[in-house]
Amino acid sequence: MYRFFFLLILNLITKGFCFIEPNESLDSDQAIVLIMGNRILQGIDFPIFFYGLRYLAPIELYITIPFFALFGLKYSVMLCVEILLSTMNSYLLFLLLRNKNIHWAMLSSVLFSIGNEYLNSLLVDISANYNLTLSFVLIGAFLLPKEKEDNIKKLFLVGLLIGLGLYMRELTVFYLGLLPILWFLSLTVKRNILVIPIGFFIGYLPAILFPIIVPYSNKLIKVIPKLETDFNKLIKVVPDILAKIYLPTDTNHYFTNLVLLIITFIGISIFYFSIYFSLTSKKSSINFYFNESLFYYLTIGTILNLSFVLITKEALVYRYYIGTMIFYTLGISGFLILLYEKKRTIFYFLFIVYVGLVLNSTYRTYKQRLDRLDSGIKSIKEVLIQENKTSGFSEYWANYPLTFLTNEKIYSMTYLDRQRDILGAIHVLENGVDFYLFIKDSNFEKNFLATHSLNDYSKIEKGKYSLYLCKKKEFPWGENTQSILEELKTFTKYGLKFN
């Protein structure tokens, strides 16, 4: 158990920067999760997927609910759970390897805990199940078949894990999808493979039942385009939206993702080299080829993962590489252990350099988080409460923090391809627009100024935001809005309701 606490300390050191950011510095991706948590605690709603999505089950959120009940609905509480999950993954990696080589196992778990700048930023992200993605891939490794094995219970668990994995995060499929093939090759009674689909059906059942349990999920696809045509006075920035989502213009963003891509390929190359070197070196005490199934599982899974992001043109979005980090860590640690056996001076030098680089990037992240503390959203909230403005229109990243921080007393709509909360949409459509909230000098603000007269608004600047208070409540909807509003209201009978 002491190893677990040691790994926990490492995770806290390299990921503790997340605790600098208080509730007031949340963005919408983070705040929507806490809004969902609040509604689960109150029994208002029990979402099957994250709001606004038809994939990504909020399993990490449900794991956190008991901690919310004990310690309060705070961002820091969910971050603690994320760090515990990250530590658990490091320990799972140790358990996976310890019977093969204790030094390799410990070094791999240490490097996995230390992580890197890109991995660490994902593992404290509460909005996308990154930790559980790694957990499922590692658990899948424990369920790999042994030679000539016919274990019905394990086959059922394999199917259950694949179903839950696909329901929880599609990125698990690159690895877990290989399990049935590897099992089929090892089975002596081939028909036993039919147990896997039974487990899969049970694991994936929530996603199968989603259109039945939540029938408005399909209707929304038809409603939103109608509503979009009715926003005849609001900001028409669809090209800008698409550019923001699909064509990031931040040079640093491109650079960091490209670096991660290169590092991933280097990690694979090192892993292959390590395997070859260990198998051809008589002096080495490590047998990397300790399990043929594990080798295929990690190697082919990583190749499939990389192929997917390259084919779908997502090669510069580092979150899609999350599964490859296990393979990458094993390769680096294996190479370092081989050096340790032969050239300890080089081993110590490279290990210190690696840890130094990670700590340096961690320090830079700490500074960036400190700079973000005064975003201005707290001051915006206070102004809106003082002016009794409860419904408005805002950019996506400022939208849901307002709703969460005011305990759903203030709602705002956002551009429609990112509108994730039905209750917020209904509130604003019913009550009209009291305010507009933009990030300073954004395209949204520029388009707003080009289409609206400033005489109708009072402008207030707080932090990075520009707030425009309407002197007269606005209802900038089209002729179809009333029927759309009635249709949206019918959705609330399926469990959603106002406080």
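Values as computed for the structure displayed
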{"quantity": "Residue match in segment 294-303 (condition: at pLDDT below 60 and surrounded by fewer than 22 Cβ atoms within 10 Å (Cβ to Cβ))", "calculated": "no"}
{"quantity": "Looking only at segment 306-326, and only at residues there that are part of a helix (DSSP H, G or I) and crowded, with 23+ Cβ neighbours inside 10 Å, the one that is modelled with the lowest pLDDT", "calculated": "Y318"}
{"quantity": "Matching strands (runs of 3 or more DSSP E) fully within segment 403-499 where at least 3 residues are over 18 Å from G376 (Cβ atoms) and at pLDDT 75 or above", "calculated": "465-474"}
{"quantity": "Positions within segment 378-403 being crowded, with 23+ Cβ neighbours inside 10 Å and among the aliphatic types (A, V, I, L, M), in sequence order", "calculated": "I380, L384, A398, L402"}
{"quantity": "Failed item in (1) crowded, with 18+ Cβ neighbours inside 10 Å; (2) modelled with pLDDT of 80 or more, with L338 passing the rest", "calculated": "(2)"}
{"quantity": "Pairs with Cβ under 9 Å, 6+ apart, first in segment 416-437 and of a type in the set (D, E), second modelled with pLDDT under 75 and not in a loop (DSSP other than H, G, I, E, B)", "calculated": "D417/I224; D417/E228; D417/V238; D417/I241; D417/L242; D417/I245; E430/L485; E430/K489"}
{"quantity": "Residues of segment 429-459 satisfying the condition of being buried (at least 21 other Cβ atoms within 10 Å of the Cβ) and among the aliphatic types (A, V, I, L, M)", "calculated": "L429, V433, L437"}
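Let's see how each residue does on (1) under 22 Å from T324 (Cα atoms); (2) among the β-branched types (V, I, T); (3) in contact with a helix residue (DSSP H, G or I) (Cβ under 9 Å, 6 or more places away or on another chain):
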{"site": "Y2", "(1), (2), (3)": "no, no, no"}
{"site": "D29", "(1), (2), (3)": "no, no, yes"}
{"site": "L34", "(1), (2), (3)": "no, no, yes"}
{"site": "I59", "(1), (2), (3)": "yes, yes, yes"}
{"site": "Y75", "(1), (2), (3)": "no, no, yes"}
{"site": "N89", "(1), (2), (3)": "yes, no, yes"}
{"site": "W104", "(1), (2), (3)": "yes, no, yes"}
{"site": "S113", "(1), (2), (3)": "yes, no, yes"}
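The values are calculated or read from the model by the stated rules, or taken from the named source; none is laboratory data. Because the structure is predicted, anything quoted here is derived from the model rather than measured. Positions of Cβ are backbone-derived with ideal geometry, glycine not excepted, and every protein chain shown enters the neighbour counts.
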